[in-house]
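Working notes for the structure below.
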Amino acid sequence: MRVRGPLHGPAGAAQVHRRRPASPVLRPASYAHGRIANADAFIERIATGLMLLAVIATFTLSSSVLTNWKIHYLTAGGNFYEKLHPTTYFSLLAFALLLMRSRGPVGEINRIFSESKLLLAYLLCWLFLLIQVLVLERPFTVIIDTFLLPILIAMVLWQLSLTQRRPLVWAIHFTILLNVVLGYYEYFSGHRLIPLTLGDVVVMGEWRSAALLGHPLTASGVVGAYVLALVLRPAICPPLLVRLPLIAFSLGSLMAFGGRTSLVTVLAMIGLVGSFEVFRLMRGKRTPLPAAILAICVLFAAGAIVFAALDLGIFDKMLLRFSSDKGSTLARFATFSLLSHFDWHELILGPNPVRVNALQSQLGLNYGIENFWISSTVQFGLIHTILLTVGLVCFFVELLRRSNRAAWAIVLLIVIIAASSVSFSSKNIQLAQFVILILILLPREPRRVAVPAQVRTPISYRSVPA
C-alpha cells in the first residue's frame with residue numbers, strides 16, 4: 001500500500017514550490033532615478049550654501065577690508081590667490097558642483113547656454129578682452145572679478161529654485177542693513193571702522209561713510225538699488241508697517257554715504273512712481289482705506305523728520321557737496337580732456353599704461369577716471385571697449401528677460417553710476433553686487449496658468465424599449 005506523504009499531491013507540490021530559493025528581485029527603474037535625484041538635490045544644497053557665503057562676502061569683504069586684514073587684493077605684492085576676491089572662489093566652487101549633476105558637465109553646459117544664448121556673446125567679447133590683456137602682459141585678475149564674476153553668479157543662481165534662494169534673500173537684508181547701521185554710526189561718531197583705502201593710498205579727512213562696502217560711492221549705489229527694489233517690488237517685504245520704515249531708514253543713509261548721483265537718481269525714480277500712482281488714483285483706481293490713511297500719516301511724518309533734520313544741521317555736510325564738491329566736477333571735465341592727449345592709433349588699440357598714469361597725475365586724476373567708457377578706452381582701446389559694451393548689453397538683456405520689471409530701474413541706476421564714477425573701470429565687484437540684488441530680490445515670478453472650468457455636457461435621455 002502506497003502511503004502519500006505530506007509532499008505528495010497538489011498541496012505538496014505547492015509547498016515545494018514555496019520552498020524554492022527566491023529569484024533575485026529586480027528593482028524598478030524609478031529607484032535609480034530616485035537615487036540620482038537625491039544626489040542632485042544634495043549637490044544643489046551644497047551649492048546654495050556656497051552662494052550664501054558668496055553673498056555675505058560680496059557685501060562685507062570690500063577691498064578696504066581685505067587690505068586692512070593684510071591681504072594683498074589691490075596692493076602690490078602677495079601671492080596669486082590673494083588677487084581674487086573670496087566671492088569668486090565661492091562662485092567657482094558652486095558652479096563646478098552644479099556641473100557634476102546627473103547630466104554631466106557637457107550636458108549641464110549645453111543646457112545652460114541653450115536657455116541663455118546671449119551669454120555666449122558676452123563670453124566671446126570677454127574672451128577677446130582676455131586675449132588682449134595676456135598679449136600686452138597686463139594683470140588679468142582685473143577682468144575676472146569685474147566682468148567674469150557677474151555672469152558666473154548669474155549662471156549659478158539661475159540653476160537654483162526660488163525656495164533654494166530664500167536664505168540668500170535673508171542674507172542680503174542682513175548684510176545691507178548692517179552696512180546702513182554702520183554708515184550711520186560712522187557719520188554721527190566721526191570714527192571709521194575700516195580705513196578708507198584706494199590701493200596703497202589711505203584717504204584721510206573724508207567725512208562720508210563707507211561701512212563694510214569699502215567706498216562711499218559703492219555703498220551709495222548698493223543701498224540705492226536696495227531702496228528701489230523695496231519700493232518697486234513690495235513682495236520683498238509684504239507688511240506695509242515694516243516696509244515703509246525700512247525704506248525710510250535705508251534712504252536716509254544715502255545722506256550719510258554722500259553719493260549725490262545715487263541719491264538724486266533714487267529720489268527721481270521714487271517721485272516718478274509716486275506721480276504715476278497719484279495719476280492712477282485720479283483715474284479711479286481703488287485702494288484700501290487703511291493703506292491710504294497710513295500713506296498720508298507716513299508722508300506727514302517724513303516731512304516733519306526732514307525739516308527737523310535740516311533745522312538741526314544733521315545733513316549739512318551732504319548739502320554742501322551740491323554747492324562745493326571739492327573739485328569733483330573739474331575732475332569729470334579733466335576726464336573728457338584726457339582723450340585729447342592720445343592719437344588715433346593709441347585710442348583704437350589702447351595707449352601705454354605708463355603714459356596713461358603720468359597723464360592722470362598731471363590732470364589730477366589720481367583716484368581714477370570717473371567714466372566707465374572713457375576709462376575702458378584708455379585701458380583697453382576703442383575696439384575692445386565697443387566689444388565689451390556689446391557684451392554687457394547682451395548680458396543685461398538676458399538678465400532683464402529673467403527678472404521682474406522693476407529690474408529696469410536698477411539697470412538705469414547702473415548706467416548712470418557707470419557714466420559718472422570710476423565704477424566698473426577698475427578692479428572691484430560692484431557689478432557683481434548689482435547682479436546679485438537683481439537676481440535674488442527681483443526674480444521673475446512664475447506664470448500662473450488659469451485652470452479652465454470644467455464644462456458640463458448636457459445629459460440627453462432617450463427612450464429604451466422595454
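Bear in mind these aren't lab numbers, they're just calculated from the coordinates by the rules spelled out. Because the structure is predicted, anything quoted here is derived from the model rather than measured. Don't worry about glycine lacking a Cβ; one is built from the backbone with ideal geometry, like all the others, and counts go over all protein chains shown.
Details
- Global size of segment 164-278: 15.0, 51 Å for Rg and Dmax (C-alpha atoms, Rg to one decimal, Dmax whole).
- The gain in end-to-end length when the N68 to S337 segment is fully stretched comes to 93.3 nm, 0.36 nm per residue minus the alpha carbon separation.
- Relative to its Kirkwood radius, the Cα radius of gyration of segment 126-173 gives an Rg/Rh of 1.21.
- Annotation for segment 218-282 versus segment 152-193: alpha-carbon center distance of 16 Å.
- Cβ-defined net charge surrounding R103, 11 Å radius [Lys, Arg +1; Asp, Glu -1]: 0
- Here segment 379-452 is treated as a sphere whose radius is the Kirkwood value from Cα pairs; by Stokes-Einstein at 25 °C and 0.890 mPa s it diffuses with a coefficient of 176 µm²/s.
- Fully extending the segment from V273 to V390, taken as 0.36 nm per residue of separation minus the present Cα-Cα distance, adds 39.1 nm.
- Kirkwood analysis of segment 247-308, using all unique Cα-Cα pairs, places the hydrodynamic radius at 13.4 Å.
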